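First comes the structure, then the notes that go with it.
The values are calculated or read from the model by the stated rules, or taken from the named source; none is laboratory data. Here the structure is a predicted model, which means the values were calculated and not measured. Methodologically, a virtual Cβ is constructed for each residue, glycine included, from the backbone with ideal geometry; neighbour enumeration extends over all protein chains shown. Heavy atoms of the whole protein, side chains included, go into the accessibility calculation; ligands, DNA and RNA do not. Shrake-Rupley method; radii C 1.70, N 1.55, O 1.52, S 1.80 Å.
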Amino acid sequence: MNERNIKIVETALELFAHYGVKKTTMSEIATAAGVARQSIYNAYDGKEELIYGALEHRAQQSACAISRQCAALDDLGDRLDVAFNFLTLEPCKIIMTIPHRKEILQATEEMSQDKKNNIIKIYNSVIADLLEPYKNRMRLENVEFDDLCDFIRFSFEQWKKYAVDIDQVHRSYRALRQLVLNSVD
């Protein structure tokens, strides 16, 4: 994604968060991003595409940051903490302060399954990478490694959507973290 498109999708997400998806116009996004309205329409079909672009961009940024930080870590718990921070805790803190979070979460739910799958693939891949050094020492019995990665990603995702408060997110994570750590010889 080029710098102009990054500016467009990030600006759109900020405006959607502040004013709501339905009330924010493409003209307002163009003005705030400092581009012509037609430039937005040339790159994106509509608001769903803008939301998807922002989410995909953030997923890629998070995956890169997790990979960088985990490269220097040998401890599985520390690696899980990094993923939790980037994929759940920080986004959750932001989501909980957004006035129009329900509208944005609804828009993400309404995205096509192909778009959702692209983002899921990014997150599952980075989780698999951080668990990879421990894969041969994990007692997974009837659980496939890829299914474990998907379960972790799914848990992180659900906490962002449904957590009542940050303490609940931390409690849920501590349980998941301990389960994963207990699976390693």
If amide H atoms are built 1.01 Å from N in the plane of the peptide, which residues on other chains or at least 5 residues away come under 5 Å of the amide H of residue 184?
-> 139
Can you grab the distance from the C-alpha centre of the range 125-159 to the C-alpha centre of the range 42-79, Å, no decimals?
-> 18
So, with points 7 Å from each Cα along the Cβ direction, the residue 161-residue 6 label distance in nm works out to 2.9
Reachable lysines from residue 7, criterion Cα separation under 28 angstrom, eight or more residues apart if same chain | 22, 23, 47, 93, 102, 115, 116, 121, 160, 161
Give a residue-ordered list of calculated ³J(HN,Hα) values for the range 15-26 (Karplus: 6.51 cos²θ - 1.76 cosθ + 1.60, θ = phi - 60°; whole Hz; x for Gly, Pro).
-> 5, 4, 5, 7, 10, x, 5, 5, 7, 7, 9, 5
Spin-label point model (7 Å from Cα, Cβ direction): what's the residue 150 to residue 181 distance in nm?
-> 2.8
Per-q log10 I(q)/I(0), the range 123-164, q = 0.18, 0.20, 0.21, 0.24 Å⁻¹ (Debye; single scatterer per alpha-carbon; no solvent) = -0.54, -0.63, -0.67, -0.80
Largest first and rounded to whole Å, the semi-axes √(5λ) derived from the alpha carbon gyration tensor of the range 88-176 read 26, 17, 10
At what distance in nm do the modelled label points of residue 106 and residue 73 sit from each other, each positioned 7 Å from its Cα along Cα→Cβ?
-> 3.6
With contacts defined as alpha carbon pairs under 8 Å and 6 or more residues apart, what's the relative contact order of the chain in percent?
-> 26
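Considering only protein heavy atoms, what per residue accessible area in square angstrom results for the chain with a 1.4 angstrom probe? Kindly include the intermediate steps, with their values, before the conclusion.
Details: 10350 Å² over 185 residues.
Value for the chain: 56 Å² per residue.
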Could you calculate the contour length gain from residue 142 to residue 174, that is, 0.36 nm times the residue separation minus the distance between their Cα atoms, to one decimal place in nm?
-> 9.2 nm
Under a GNM of the chain (C-alpha, springs under 10 Å), which listed residue has the highest mean-square fluctuation: 123, 44, 162?
-> 162
In bins 10 Å wide, starting from 0, what share of all Cα pairs of the range 12-94 does each bin hold, as a percent?
-> 16, 37, 24, 17, 6
With at most 11 neighbouring Cβ atoms within 10 Å, loop trypsin sites (Lys or Arg not before Pro) (DSSP) excluded, longest segment of the chain = 23-138
